[in-house]
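Derivation of every value follows stated rules applied to the coordinates shown; laboratory data play no part. Worth saying up front: this structure is predicted, and the values here are computed from it rather than measured.
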Amino acid sequence: MSFITIAQPVVESIWGKMTTVLLVDDDPMQAIVRKAALERRFKHVVRASDAAEALGLMEKPQFADSVDLVITDLNLPGLSGPAFAKELHARVPSMPILVLNTTGESHAADAGESIRFLDRPFRAEDILIAATQMISHTSP
């Protein structure tokens with residue numbers, strides 16, 4: 001397994017601003033663990049329990065403008081993670097979206113410039129690395 005290190009200037013530039021991550025996860029226990037891990041690096045993590053709630057939050061311009069990254073679970077009730085990512089991308093094309101693929105199935109065809117899949121097995125640190133990289137590529 002290879003490890004990716006994040007350059008210190010990248011981390012400092014992200015920590016220097018009020019970074020907001022929207023976490024979409026229907027599993028309460030997983031959401032608690034993931035939210036806690038994300039809060040180690042990012043200043044503001046908001047959780048939505050499904051795609052409908054997340055899309056509702058993103059319809060509020062003040063909230064949507066503050067979000068730097070959306071992280072979603074692949075398996076959501078109602079609208080699936082990939083379908084949610086495509087819908088959100090259609091509404092906010094510049095929004096980076098990280099989909100946590102817990103099934104092991106390939107979703108490479110669903111990925112795009114601002115949509116990335118993180119395939120299992122992954123650790124909390126892998127999520128932090130991917131999130132940091134995605135935010136640093138979209139930050140001014």
Theoretical gain in end-to-end length, residue 32 to residue 55 [0.36 nm per residue, Cα-Cα removed]: 6.2 nm
Percent of Cα pairs exceeding the 15 Å cut-off, where the set is segment 25-77: 47 percent
In Hz, Karplus ³J(HN,Hα) per residue of segment 59-70 (6.51, -1.76, 1.60; θ = phi - 60°; x = Gly, Pro): 6, 7, x, 5, 5, 4, 5, 8, 7, 9, 7, 10
Residue-span extension gain [residue 133 to residue 116] - 0.36 nm each, minus C-alpha spacing: 5.0 nm
